[in-house]
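One structure below.
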Amino acid sequence: MSKVLAVNGSPRAGGNTAAMLKTVLAVCEKAGHEIELYQAGGKPVRGCIACGGCGTHIGRCATDDWVNEIYKKMAEADAIILGSPTYFADLTPEIKAVIDRTGFVSRRDKMKFSRKIGAGVAAVRRAGSIHVIDSINHFFLINDMIIPGSSYWGMSLARDLGEYEKDEEGMETMKRLGENVVWLLEKLK
Ligand SMILES: Cc1cc2nc3c(=O)[nH]c(=O)nc-3n(C[C@H](O)[C@H](O)[C@H](O)COP(=O)(O)O)c2cc1C
């Protein structure tokens with residue numbers, strides 16, 4: 001049994017990004033893996049302050065808040081799914097804080113994320129989700145991680161609450177992403 005952690009970067013805990021992540025997690029759970037959905041969106045955001053503290057206190061960000069909690073969960077997970085709604089064609093600040101701060105902490109903690117699986121998903125009304133997914137993938141790629149694909153990019157065309165469930169192709173893409181995470185987990189065992 002492997003651990004699959006999904007992080008919702010939307011402040012709407014019951015929104016489209018959360019529903020997308022739940023589709024991926026449901027497939028992983030059905031295959032027998034342990035799952036967790038972490039609600040990052042809405043938490044107070046503090047960015048990296050470039051203090052270098054993660055180089056002295058290994059495994060910890062000097063700004064001691066929820067990012068240290070999520071870092072521990074990420075360090076223990078075998079697969080990490082980062083989800084963000086598209087905000088002005090970009091990530092939410094909560095996901096950016098996760099990327100910048102856990103990224104530095106992990107690199108100074110013997111590349112803790114090395115060879116974990118990473119996948120990014122983005123909810124979007126109309127445009128900009130590819131940029132969100134690219135930003136998430138850049139984080140995975142520089143951290144020595146392995147990215148599974150799906151039948152489309154990891155996005156869903158949805159604006160209001162519940163619209164993801166009307167996007168059949170988006171739902172299929174999330175389901176296939178879940179299947180590919182499971183497939184990779186088994187191959188990497
Ligand atoms: C501040 C803000 C900025 C947004 N910017 C974009 C955008 O650039 N492109 C777009 O298509 N939708 C944009 N949206 C719409 C959201 O991406 C969309 O409603 C998404 O489904 C929200 O996901 P959630 O339900 O997980 O919160 C924006 C919404 C907000 C609140």
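Scan the range 72-92 residue by residue and report those that are more than 16 Å from the ligand (Cβ to nearest atom) and more than 11 Å from the chain's Cα centre (by Cα).
Lys72, Lys73, Ala75, Glu76, Ala77, Asp78, listed by residue number.
For the range 1-21, which positions are surrounded by 20 or more Cβ atoms within 10 Å (Cβ to Cβ), within 15 Å of the chain's Cα centre (by Cα), within 16 Å of the ligand (Cβ to nearest atom) and not polar (S, T, N, Q)?
Ala6, Val7, Gly9, Ala18, Ala19, Met20, Leu21 - these are the residues of the range 1-21 that are surrounded by 20 or more Cβ atoms within 10 Å (Cβ to Cβ), within 15 Å of the chain's Cα centre (by Cα), within 16 Å of the ligand (Cβ to nearest atom) and not polar (S, T, N, Q).
Name the single residue that is nearest to Arg12 (Cα to Cα) among those in the range 103-141 being of a type in the set (A, V, I, L, M, F, W, C), in a helix (DSSP H, G or I) and within 14 Å of the ligand (Cβ to nearest atom).
Among them, the one singled out is Val132.
Quick check on this structure: which one of Asp90, Asp167 is touching a helix residue (DSSP H, G or I) at 6+ places or on another chain (Cβ under 8 Å), surrounded by 14 or more Cβ atoms within 10 Å (Cβ to Cβ) and among the charged types (D, E, K, R)?
Asp90
Return the total of residues in the range 12-62 being in contact (Cβ under 8 Å) with a residue 60 or more places away in the chain and within 20 Å of Gly170 (Cβ to Cβ).
15
Restricted to the range 124-147, and to residues that are surrounded by fewer than 20 Cβ atoms within 10 Å (Cβ to Cβ) and either in contact with a Leu (Cβ under 8 Å, 6 or more places away or on another chain) or of a type in the set (Val, Ile, Thr) (or both), which residue is farthest from Thr17 (Cα to Cα)?
In this case the residue turns out to be Ile142.
Glu163 - would you say it is more than 10 Å from the ligand (Cβ to nearest atom) and either among the charged types (D, E, K, R) or in contact with a Cys (Cβ under 9 Å, 6 or more places away or on another chain) (or both)? Break it down stepwise before answering.
On the way: more than 10 Å from the ligand (Cβ to nearest atom): no; either among the charged types (D, E, K, R) or in contact with a Cys (Cβ under 9 Å, 6 or more places away or on another chain) (or both): yes.
Considered against the rule, which asks whether it is more than 10 Å from the ligand (Cβ to nearest atom) and either among the charged types (D, E, K, R) or in contact with a Cys (Cβ under 9 Å, 6 or more places away or on another chain) (or both), Glu163 comes out as no.
If Ala79 satisfies all but one of (1) farther than 16 Å from Lys116 by Cβ; (2) surrounded by 21 or more Cβ atoms within 10 Å (Cβ to Cβ); (3) of a type outside the set (Val, Ile, Thr), what's the number of the condition it fails?
(1)
Where a number appears in this text, it was derived from the coordinates with a stated rule and is not lab data. Predicted model only: the values in this text are computed from it and were never measured. A quick note on method: Cβ atoms are made from the backbone with ideal geometry, for glycine too, and the neighbour counts reach across all protein chains shown.
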